[in-house]
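The values are calculated or read from the model by the stated rules, or taken from the named source; none is laboratory data. Computed from a prediction, not measured in an experiment: that's the story for all the values here. In this analysis, Cβ positions are derived from the backbone assuming ideal geometry, glycine residues included, and neighbour counts consider all displayed protein chains.
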Amino acid sequence: MLQRFAILLSGAGLVMTVACAETDPGITTAVKTKLAADDTVKAYQIDVDTANHVVTLTGVVETAAAEEAAIAIARGTDGVTDVVDRITVNAAAATSPENLREEARERADAAGDSIRDGVDATKNAAERGAEATKGVAGDAAERVGTAAERTGDVISDAAVTTAVKSKFLADTSTPGLKIDVDTKDGVVTLSGTVRTRAEADRAVSLARDTNGVKRVVNNLKVAA
């Protein structure tokens, strides 16, 4: 699931690099795309809002360098006239998806080691092997399940927003730059103006089919 999202994001990033970012939704998309591609910033912790070409950055990063990089990226985006910095630096609170995935892998590896230890114990002591294997396998299964759950939860609101916008920009049936996307606790809100009801319905459908989306709120307006 995360691999497919990464491929989609990479492809859509090429589209957004050449797309016009003069509207507020377009500027928001361009800034989010740049932040998502920057290893220092780690944009999964930063939310981007644009009003009258003024970009507001909100969220938590691990270092002051990441904060400065995010501000520089926003200021260097076409169409941005000013940047409002509401970013908080907090290394303890900013746990990255990469760290969570690494933790999940370590848990899975530890579970695998436990299972192998259980098999060895069975071979060395046949009379105790059945109970030992059962206990180790049960513990391993629980740890693998926990690791899988942690891995499945790493898609943040910012990542969901970027994924939805990427789908819009890659789809010729939706005016991606005219639709603003905001995500809160997995609930995606679409706003802006589209030409037809079909475009609005298509945008809602694409958003609902995006990984990590729990519900879609349709605030799109159809031009008269």
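From Ala70, Ala30, grab the single residue that is under 18 Å from Asp180 (Cα atoms), buried (at least 17 other Cβ atoms within 10 Å of the Cβ) and touching a Ser or Thr at 6+ places or on another chain (Cβ under 9 Å).
Details: Ala70 fails: under 18 Å from Asp180 (Cα atoms).
Matching residue, one of Ala70, Ala30: Ala30.
Suppose the filter is among the acidic types (Asp, Glu), surrounded by fewer than 14 Cβ atoms within 10 Å (Cβ to Cβ) and assigned by TED's automatic domain parsing to the domain that holds Thr58; does Asp185 pass it? So Asp185 passes the test.
With (1) surrounded by 14 or more Cβ atoms within 10 Å (Cβ to Cβ); (2) at pLDDT 60 or above; (3) within 26 Å of Gln45 (Cα to Cα) as the list, and Thr146 as the residue in question, which single condition is left unmet? Among (1) surrounded by 14 or more Cβ atoms within 10 Å (Cβ to Cβ); (2) at pLDDT 60 or above; (3) within 26 Å of Gln45 (Cα to Cα), the lone unmet condition for Thr146 is (2). When segment 160-208 is examined, which residues are found to be out of contact with any Ser or Thr (no Cβ under 6 Å at 6 or more places or on another chain) and polar (S, T, N, Q)? Once the filter is applied, which keeps residues that are out of contact with any Ser or Thr (no Cβ under 6 Å at 6 or more places or on another chain) and polar (S, T, N, Q), segment 160-208 yields Thr162, Ser166, Thr172, Ser173, Thr174, Thr189, Ser191, Thr193, Thr196, Ser205.
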